[in-house]
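Here is the structure we will look at.
Read the figures in this text as sums done on the coordinates, not as results from a lab. Predicted model, so just to flag it, every value in this text is computed and none were measured. Every residue, glycine as well, gets a Cβ built from its backbone with ideal geometry; the counts of neighbours run over all protein chains shown.
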Amino acid sequence: MTRRHLLALLSAIGLAPRGAIAQGPATKADALNLTDAQWKQRLSPAQYAVLRQAGTERAGTSPLNAERRKGQYHCAGCGTPLFTSEMKYDSGTGWPSFYTSLPGVFVVESGTLSFFSGAEYHCAKCGGHHGHVFNDGPAPSGKRYCNNGVALSFVASAA
């Protein structure tokens, strides 16, 4: 079990260790725990590298950077809704960026946030790595959730 899986599991049952900010589900029953082999079957190689191994996709490579339709962004690992299109903005970084998330969907590692170093965040349900949150975003939150596009799936709203 990796550190991120342990943090997600502990936060899911209300026992997050110091150094983690739990924003995740309230019950252990909500957690999605799969074996490494099951994750490799479920995810593409790029998704596996980011979600399960805390990798980072190359900046500017995600088609979600140009996504402008109304809808929701879901975790590519488990399908949990994470962001709405209204939360998205163009940060100019080359990764899909959001100024906030839906409530209770992430476990965020606490630490010193600055322009150069952000706190890593993971899906509270499956423990998948999504990116880093920084304190250089727009109002009203001042936050920038810098998300790997490959870690997301987009579901457009019905017209």
Tally Lys and Arg at +1 and Asp and Glu at -1 over the other residues with C-beta under 12 Å from the C-beta of S91: what net charge comes out? +1
First select every other residue whose beta carbon is under 13 angstrom from the beta carbon of P138; then total the charges, Lys and Arg +1, Asp and Glu -1. 0
Could you check the simple spin-label distance between A66 and D136, using points 7 Å along Cα→Cβ, in nm with one decimal? 2.6
Relative contact order (%) - criterion: Cα under 8 Å, at least six apart; region: region 40-159: 30
Once phi for every residue in region 69-85 is put through the Karplus expression 6.51 cos²θ - 1.76 cosθ + 1.60 (θ = phi - 60°), the whole-Hz ³J(HN,Hα) values, with Gly and Pro written as x, are 6, 6, x, 10, 9, 10, 5, 5, x, 9, x, 5, x, 10, 9, 9, 4
Multiply the residue gap between Q38 and S157 by 0.36 nm, knock off their C-alpha separation, and tell me the result in nm, one decimal place. 39.8 nm
Can you give the net charge of the other residues whose Cβ lies under 13 Å from the Cβ of G79, counting K and R as +1 and D and E as -1? +1
Kirkwood Rh over alpha-carbon pairs of region 33-137, then Stokes-Einstein at 37 °C and 0.692 mPa s: what D in µm² s⁻¹, rounded to an integer? 227
